[in-house]
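Only the coordinates and a few stated rules stand behind these numbers; no lab work does. Note that this is a predicted model, so its numbers are computed, not measured. When we count neighbours, we look across all protein chains shown, and the Cβ atoms used for this are built from the backbone with ideal geometry, even at glycine.
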Amino acid sequence: MAEETKPPAESNTPEKATKLEVIITVLLGLTTILGAFAAYCSALWGGEMQSSYTQSVTITNHGNTIYLEALSDLNSFEVNDMKDDIIYSEWKENTEKGDVEDAAYFFTKLSPGLQKDLADDPKDVSEYDKEQAAYLDSIMARLDESAQHNDSAKVLLTKGNSANKYGDDFTLCTVLFTVVLFFLGLASLKTHSVMQKTYVILGVVILVLSLVRMVTIPFPFFQ
């Protein structure tokens, strides 16, 4: 009786990975790390954007409040100053004419500071003028402060816009790294070697371009 042909025994030795498979594995790990890093940078820039925008709005509102209050005071100052000038002219004219009653009436309509100055010396209103000048200076100082707040808000707004752009750039890099993972994932399948190499080449090209693009974007850690 002829000897039965025995099937070859299965080898328990694990199949060695090819060089291409090793390259694909390394590229998959590297791309995953880079993609996660790009996403992290995008999130940090997003936080920086939100913070800058919030500060800009807060400072703008504060500056506008100061401006409106100073503008209201300036309008009141100009109206009262004009009123004092008119009444002072009437008081002086009636005083010079000797019309005591009308002069006394107009005197009561003057502002307290001007009344005090005239009571001390009818010909000297220098103290009143100094008070008026000091008050006007304080109003102008508040208007300048408001302008400074608005300038600071513009700087923060520009900073927020830049952070928004950088965050979008890192997001684009994250998407590109995801595309690389897609091609490397296809290359890891047991397909024709030519197709595997094509997928790897496409993945490497996009990976290099994405990496070059990413290193040109400012990192949030150094801002």
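Taking 0.36 nm per residue of separation and subtracting the Cα-Cα distance, full extension of the segment from Ile23 to Thr58 would add 7.4 nm. Largest mean-square fluctuation among Lys97, Lys116, Lys159, in a Gaussian network model of the chain whose springs join Cα atoms under 10 Å apart, belongs to Lys97.
With axes computed from alpha carbons, what is the tilt in degrees of helix 100-109 against the longest principal axis of the chain, rounded to the nearest 10 within 0 to 90? Value to nearest ten degrees: 10. Computed about its Cα centre, the charge dipole of the chain is approximately 2720 debye, with only Lys, Arg, Asp and Glu carrying charge at their Cβ. Estimate the FRET efficiency between Asn80 and Ser162 by the formula 1/(1 + (r/R0)^6), using the beta-carbon distance for r and 30 Å for R0, to the nearest 0.05. About 0.05, to the nearest 0.05.
Of all lysines in the structure, not one lies under 18 Å Cα to Cα from Lys159 without also being fewer than 8 positions from it along the same chain. Contact order for the range 84-129, expressed relative to its length and based on alpha carbon pairs under 8 Å spaced 6+ residues apart, stands at 29 percent. Relative to the dominant Cα principal axis of the chain, helix 126-187 is inclined by about 10°.
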